[in-house]
Amino acid sequence: MTAIEKAEAAAGTKRFQAKRDAILAAAADAINEQSAKGMTFADVARRVGLNTTSVTYYFKRKEDLATAAFEQTLERLAAMLDEALAEPSPEARVARYLNLNMERLARIRRGEERDFAILSDLRAMEDPMKGQLLTGWRNIFRKTRSLWGSDGTRAETDLRGARAHVLLENSFWLTAWLPRYEVDEYPRVEARLMDVFRSGIAAPGQDWRPELLDLVHEEPEPGREAFLLAATRLINELGYRGASVQRIASELNVTKGSFYHHLDAKDDLVIACYKRSFDIIAEAQRLAETHKGSHWDRLESTIATLLDVQFSERGPLLRTTALSGLPPGVRTTMIDRSNRIARRFAGMLSDGIAEGSIRPIDPLVASQALMALQNAAFDMRKWASTMPRERAVAFYASTLAFGLFDDRVLRG
């Protein structure tokens with residue numbers, strides 16, 4: 001091959017890669033807005049300025065495109081974690097990982113970079129792609145857990161698992177609330193969030209002694225509670241589009257007709273599941289505010305009660321990842337309710353700061369960290385089942401109660 005031919009071949013390869021990268025970026029945007037199952041070749045092609053046939057030249061099937069987008073996310077997460085792991089201590093590694101995420105989101109906000117595909121739809125993929133992607137996700141989880149080291153007892157490994165999950169979920173949750181701040185405020189927000197990660201929420205001298213609140217939630221219609229609970233589990237596991245009406249009905253061993261006896265449409269189902277979940281959280285907050293003790297006592301009881309729900313047969317609560325499948329107007333209504341719950345957490349934190357039972361932290365930032373904590377706990381149900389429930393709740397809650405580097409729960 002001549003030098004000219006080599007140059008032409010290299011240019012062709014660069015053009016191919018550039019176009020492929022543009023398609024993957026468009027696919028990531030579509031997945032984030034509509035979910036992987038909701039993404040279409042036509043929409044991706046429109047975003048890139050191509051026709052559908054041109055997209056199929058790079059990816060034969062929609063599933064191949066979604067898989068490639070998810071694989072790119074996993075690769076980028078692994079690269080950030082590798083960079084963080086080069087730091088000398090667990091605290092420095094966590095701080096670096098958070099910094100890398102904040103800098104990435106700032107570049108996206110300034111239009112200098114495209115976002116990657118969120119991973120909430122991984123379980124809705126079909127095998128063999130699903131198996132490959134979940135293996136990749138488990139590798140990311142293990143790599144995150146190793147930010148705190150790899151040696152130690154089983155209890156230490158369990159605690160590191162809780163820390164890794166809370167750190168990852170908080171980094172994913174940033175996209176839900178960070179846009180409320182100007183991009184030049186990001187360094188301050190990063191510092192405030194790292195302060196919570198470093199030293200937790202509770203003031204010095206506070207312990208973990210929660211009292212579970214007497215939380216009672218029953219749907220007025222017989223059978224509806226079990227129906228919504230089963231639907232919530234499936235939607236959490238498979239995403240909004242992955243959990244079909246037929247699958248939900250099969251899970252309950254009822255007909256599709258029975259489904260429509262309870263609800264008129266699938267959107268109504270997701271709205272009902274969200275309302276149930278938000279009502280439970282709000283009820284826990286309301287009960288805590290009438291509870292005896294300090295504001296820290298009330299907050300820790302709220303956290304413990306909600307985690308107990310997530311880890312028990314009474315749970316789970318619906319994850320916010322299902323929001324991407326809802327119509328925009330309904331989605332906005334659900335987000336507004338979520339924001340009201342976060343503001344109530346911020347109020348509880350502010351009262352505790354004034355009282356002295358909670359550290360002088362940024363209550364708005366810390367409230368979002370708490371939202372990520374309770375929202376994501378569903379994914380740790382299998383982890384929680386390997387130990388007494390009380391210990392699982394204490395381990396998971398300690399990540400924000402006392403910070404990501406405090407080992408007092410190991411001694412409790």
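Laboratory data are not the source of any read-out in this text; all were calculated from the coordinates shown. Values in this document were obtained by computation on a predicted structure and should not be read as measured data. No Cβ is skipped: glycine too gets one built from the backbone with ideal geometry, and neighbour counts run over all protein chains shown.
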**Request:** With only Lys, Arg, Asp and Glu charged, each at its Cβ (+1 for the first two, -1 for the last two), find how big the charge dipole of the chain is about the Cα centre; round to the nearest 20 debye.
**Result:** 820
**Complete:** Reduced to Cα centres, the span from the stretch 299-316 to the stretch 383-412 in Å works out to 13
**Request:** Could you work out which residue, out of 249, 28, 397, moves most in a Gaussian network model of the chain, that is, has the largest mean-square fluctuation with Cα springs under 10 Å?
**Result:** 249
**Complete:** Under the Karplus relation with 6.51, -1.76 and 1.60 and θ = phi - 60°, whole-Hz ³J(HN,Hα) for the stretch 361-377, x at Gly and Pro, equal 9, 7, x, 5, 5, 5, 5, 5, 5, 5, 4, 5, 4, 6, 5, 8, 4
**Request:** Provide the per-residue ³J(HN,Hα) series for the stretch 14-27, in order, calculated from phi with Karplus coefficients 6.51, -1.76, 1.60 and θ = phi - 60°, each as a whole number of Hz, with x at glycine and proline positions.
**Result:** 5, 5, 4, 5, 5, 5, 5, 5, 5, 5, 5, 5, 5, 5
**Prompt:** Taking amide hydrogens as modeled 1.01 Å from N in the peptide plane, which residues meet the under 5 Å criterion relative to residue 200, leaving out close sequence neighbours?
**Reply:** 403, 404
**Message:** On a 22 Å Cα-Cα criterion, which of the cross-link pairs 60/143; 19/60; 62/143 come out too long?
**Reply:** 60/143; 62/143
**Request:** Counting only C-alpha contacts under 8 Å and six or more residues apart, can you give the relative contact order of the stretch 224-401 as a whole percent?
**Result:** 25
**Asked** What's the angle, to the nearest 10 degrees (0 to 90), between helix 154-177's Cα axis and the longest principal axis of the chain?
**Response** 70
**Sequence of 207, 362 once ranked by neighbouring C-beta atoms within 10 Å, starting from the fewest** = 207, 362
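Would you calculate the volume per residue, in Å³, of the smallest convex hull containing every Cα atom of the chain? Present the calculation step by step, with values, prior to reporting the outcome.
Working: hull volume 70.5 nm³, N = 412.
About 171 Å³ per residue, rounded to a whole number.
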**Asked** Among 58, 97, which comes first, second and so on when ranked by fewest other beta-carbon atoms within 10 Å?
**Response** 58, 97
**Asked** Residues with amide H under 5 Å of residue 358's amide H, sequence separation 5 or more or different chain, H placed in the peptide plane at 1.01 Å from N; which?
**Response** 203, 353
**Complete:** Rounded to whole angstrom, the alpha-carbon centroid of the stretch 65-107 lies from that of the stretch 178-205 at a distance of 18
**Item:** Order of 29, 121, 268 - criterion: other Cβ atoms within 10 Å of each residue's Cβ, fewest first
**Value:** 268, 29, 121
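Kirkwood-based Rg over Rh for the stretch 53-180 (C-alpha set), two decimals? Provide the component values of the computation, followed by the final result.
Working: Rg = 16.2 Å, Rh = 16.1 Å.
We get a ratio of 1.01 for the stretch 53-180.
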**5 Å binning of all Cα-Cα separations within the stretch 262-412, expressed as whole percents from 0 upward** = 2, 9, 17, 21, 20, 15, 9, 5, 2, 1, 0
**Message:** Cut-off 10 angstrom, C-alpha nodes, Gaussian network model of the chain. Which of 209, 15, 298 fluctuates the most?
**Reply:** 15
**Fill in**
Length gained if residue 180 through residue 60 is fully extended, taking 0.36 nm per residue and subtracting the Cα-Cα distance, is 39.3 nm
**Item:** For the chain, built as a Gaussian network whose Cα springs stay under 10 Å, the top-fluctuating residue of 284, 26, 92
**Value:** 92
**Message:** Modelling each spin label as a point 7 Å along the Cα-to-Cβ direction, I'd like the residue 114/residue 291 distance in nm, to one decimal.
**Reply:** 4.6
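Let me spell out the model: positive unit charges on the Cβ of Lys and Arg, negative unit charges on the Cβ of Asp and Glu, origin at the Cα centre of the stretch 1-133. What dipole size does that give, in debye rounded to 20? Before the final figure, lay out the partial values.
Numbers: 21 positive and 21 negative charges, 81 e Å.
Roughly 380 debye, rounded to the nearest 20.
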**Item:** Reach of residue 382 by Cα under 20 Å, taken over aspartates and glutamates that are not fewer than 8 positions away in the same chain
**Value:** 121, 156, 158, 169, 237, 251, 308, 313, 390
**Item:** Taking the chain and dividing mean pair separation by its residue count, relative contact order in percent (alpha carbons under 8 Å, at least six apart)
**Value:** 20
**Prompt:** When the helices in the chain are scored as -39500 (n - 2.57) per DSSP H run of 4 or longer and the sum is shared across all residues, what 222 nm value do you end up with, to the nearest 500 deg cm²/dmol?
**Reply:** -22500 deg cm²/dmol
**Complete:** The ³J(HN,Hα) series, computed from each phi in the stretch 267-284 with the Karplus coefficients 6.51, -1.76 and 1.60 at θ = phi - 60°, rounded to the nearest Hz and given as x for glycine or proline, is 4, 4, 4, 5, 4, 5, 5, 5, 4, 4, 5, 5, 4, 5, 5, 4, 5, 4
**Item:** In degrees, nearest ten, helix 295-311 long axis to first principal axis of the chain (Cα)
**Value:** 60
